[in-house]
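A short worksheet on the structure shown next.
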Amino acid sequence: MRKLFGNSVLLCAAFGMALLVADSQSAESQVKPFKISGSGVAPQALPLPGQDPRPHTIDVGNATHLGRYTGVGSVKTDSAAFNPLTGTIQGEFGSGDPFVFIGANGDELVCHYGRTDKGAAEPGTFELTIVGFTELGELIVEAAFIAEFVPQPESTGKFAGVTGGWIMYAWTEPFVLGSTDPTDYWWEGEGSLTFKKKGKSK
């Protein structure tokens with residue numbers, strides 16, 4: 001009986017310690033909702049599988065915690081195949097270089113997207129819808145993208161140490177597949193970010 005009582009005390013103590021640890025972790029961080037939208041350009045259009053990553057920028061955007069922002073990064077196409085059932089080209093993609101969101105106050109939110117080795121749950125995916133042909137028979141397509149954006153340790157200011165992420169949806173204006181002509185796009189997303197709380201001065 002004494003042994004059982006002793007074990008109960010130990011279990012209660014362990015449970016209490018677990019609660020204290022959980023409370024401590026909660027006190028050190030805060031989860032906040034995150035929404036984002038913006039439009040920009042891929043100045044050299046989009047790379048085909050096997051080609052080097054190509055840059056893309058956001059000229060004007062707005063996001064929770066960032067305010068009005070700009071941004072720059074690069075995209076890499078990993079695979080592509082024609083789907084005869086849908087008549088579209090589908091594949092996987094992800095960031096080449098991390099995308100850097102620069103907030104209204106200069107803080108930087110650095111993210112990789114669609115990269116499982118950088119924290120994404122799965123690769124980014126895209127679908128190209130064929131909308132026409134050039135006089136030379138080249139495909140004219142519109143692209144739709146889905147990818148998970150994951151903050152990286154290089155983030156600065158209020159985003160230093162931030163974790164979490166969001167799902168981003170992006171669409172392009174029609175462009176010639178395989179060209180290097182500038183291609184406009186826009187995106188929007190929603191998720192959450194976990195911020196480290198700043199220590200209070202004594």
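Just so you know, all these numbers are worked out from the coordinates, no wet-lab data involved. These figures come from a predicted structure and were not determined experimentally. With ideal geometry, Cβ positions are generated from the backbone for all residues, glycine too; neighbour counts draw on all protein chains shown.
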Next item on the list: Using a 10 Å cut-off on Cβ atoms, rank the peptides 62-75, 120-133 from the highest mean neighbour count down.
Entry: 62-75, 120-133
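In the structure shown, do any of LYS32/LYS158; LYS118/LYS197; LYS35/LYS76; LYS76/LYS196; LYS76/LYS118 have a Cα-Cα gap over 21 Å, and if so which? Working shown, then result.
On the way: LYS32/LYS158 13 Å; LYS118/LYS197 24 Å; LYS35/LYS76 24 Å; LYS76/LYS196 31 Å; LYS76/LYS118 14 Å.
Distance filter (> 21 Å) returns LYS118/LYS197; LYS35/LYS76; LYS76/LYS196.
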Notebook entry, point to check: Over the C-alpha atoms of segment 25-137, what are the Rg and the largest Cα-to-Cα span, Dmax, in Å?
Noted result: 17.0, 63
Next item on the list: Would you kindly compute the Cα radius of gyration of segment 107-158 and its largest Cα-Cα separation (Dmax), both in Å?
Entry: 16.7, 51
